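Each remark here refers to the structure printed beneath this line.
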Amino acid sequence: MSQVIRVSHLRKTYGKTVAVDDLSLEVNEGEIFGMVGPNGAGKTTTIECLEGLRTFDSGEVLVLELDPVRQERSLRLVIGTQLQKAQLPDRLKVGEALDLFASFYPNPADWHSLLERLGLLEKESAYISQLSGGQQQRLFVALALINHPQLIFFDELTTGLDPQARQTIWELLREIRSEGRTVFLTTHLMEEAEKLCDRVAIVDYGRIVALDTPKALVSGLGAESRVILTIQNSYDPQTLKTLDCVTHVEQDGQHIIVYGKAMQPGQPPLITEVVNLFAAQGVIFNEIRMEVPTLEDVFLHLTGRAMRD
């Protein structure tokens, strides 16, 4: 598998502030690679160094075998970029913007088709100022794809999008991957990273603190699953400890939380074991749900729960 991005010991500072600190990573061709981290962790600075938009202090960076500093113009022809903050003139029309960007490249995509895929075809003659925030975001996605890029950078891709638009964008990214192209995205949405990305780098204070598939990151956390239920009749929750998969139980009145080990191959899920035991004991419950560890749990474990600005 070929690598489309190779970063070695990247460092970028702003005065005394270290934004990126000795960061190294590789991105494989045809994958969706995600980068997540708290505010100020260095995600946008990193992606802008890779795009050639920002010079870095030290380290080595190759993107599609091109140096983003010395070969920026060549790189522009083969990558697509959607910036976290971008703006177009209010009196420019959607179709005019796409025509303009298409003129920059020798073989641009059919932008009418892009608008249709992104639900913006009826806005072709609308001014930029007439678009909602979510529609503008989708327009910037279309602009990022106008040159048939081999590699596309998305910085906070679905910020401001409603659930329907977000699902549309996710499907578009999966289509891009199925075509053998590569996506590098930053996001604050752990669900987005977990569902979309083949691999995820968690960044904190400018350093990568974990990098693996979402499944491997969650599995490595070793966190327990939880079954949360409300029972109708009185019950001694200690009985649940007779199940090998149960580690401990908490009860608050009729509410019970059962904690269990991660499911092993061939072993029934924790919720199945609990329900079977209740059925055998005649315990009646009103509601029951299971919560499993997620990438968000990994993120909070590695970066802490305190808010940052």
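The values are calculated or read from the model by the stated rules, or taken from the named source; none is laboratory data. For clarity, every value in this text was computed on a predicted model and none was experimentally measured. Neighbour counts are summed over all protein chains in view; Cβ atoms, including those assigned to glycine, are modelled from backbone coordinates with ideal geometry.
Worth a mention:
- Test: GLN84 is surrounded by fewer than 18 Cβ atoms within 10 Å (Cβ to Cβ), touching a residue at least 60 places away in the same chain (Cβ under 8 Å), under 22 Å from HIS188 (Cβ atoms) and assigned by TED's automatic domain parsing to the domain that holds ARG181: yes
- Note on the range 273-295: residues that are in contact with a Cys (Cβ under 6 Å, 6 or more places away or on another chain) and surrounded by fewer than 15 Cβ atoms within 10 Å (Cβ to Cβ) amount to 0.
- From the options LEU157, LEU139, LEU161, LEU121, residue that is among the hydrophobic types (A, V, I, L, M, F, W, C) and touching a strand residue (DSSP E or B) at 6+ places or on another chain (Cβ under 7 Å): LEU157
Here is a yes/no grid of residues against (1) more than 21 Å from MET35 (Cα to Cα); (2) assigned to a helix (DSSP H, G or I); (3) outside the structural domain of HIS188 (by TED's automatic domain parsing); (4) not β-branched (Val, Ile, Thr):
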residue	(1), (2), (3), (4)
GLY134	yes, yes, no, yes
GLN137	no, yes, no, yes
ALA142	yes, yes, no, yes
PRO149	no, no, no, yes
ILE152	no, no, no, no
LEU161	no, no, no, yes
GLN164	yes, yes, no, yes
GLU171	no, yes, no, yes
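- Exactly one residue out of GLU96, GLU51, GLU60, GLU72 is under 27 Å from the mean Cα position of the chain (by Cα), more than 20 Å from PHE154 (Cα to Cα) and not basic (Lys, Arg), and it is GLU60.
- Within the range 153-168, considering residues that are crowded, with 22+ Cβ neighbours inside 10 Å and out of contact with any helix residue (DSSP H, G or I) (no Cβ under 6 Å at 6 or more places or on another chain), the one farthest from THR81 (Cα to Cα): LEU157
- Condition check for ILE202: in contact (Cβ under 8 Å) with a residue 60 or more places away in the chain and outside the structural domain of THR13 (by TED's automatic domain parsing): no
- Residue within the range 29-49 that is in the same structural domain as PRO214 (by TED's automatic domain parsing) and exposed (fewer than 14 other Cβ atoms within 10 Å of the Cβ) present: yes
- So VAL27, is it touching a strand residue (DSSP E or B) at 6+ places or on another chain (Cβ under 8 Å), over 22 Å from GLU191 (Cβ atoms) and part of a strand (DSSP E or B): no
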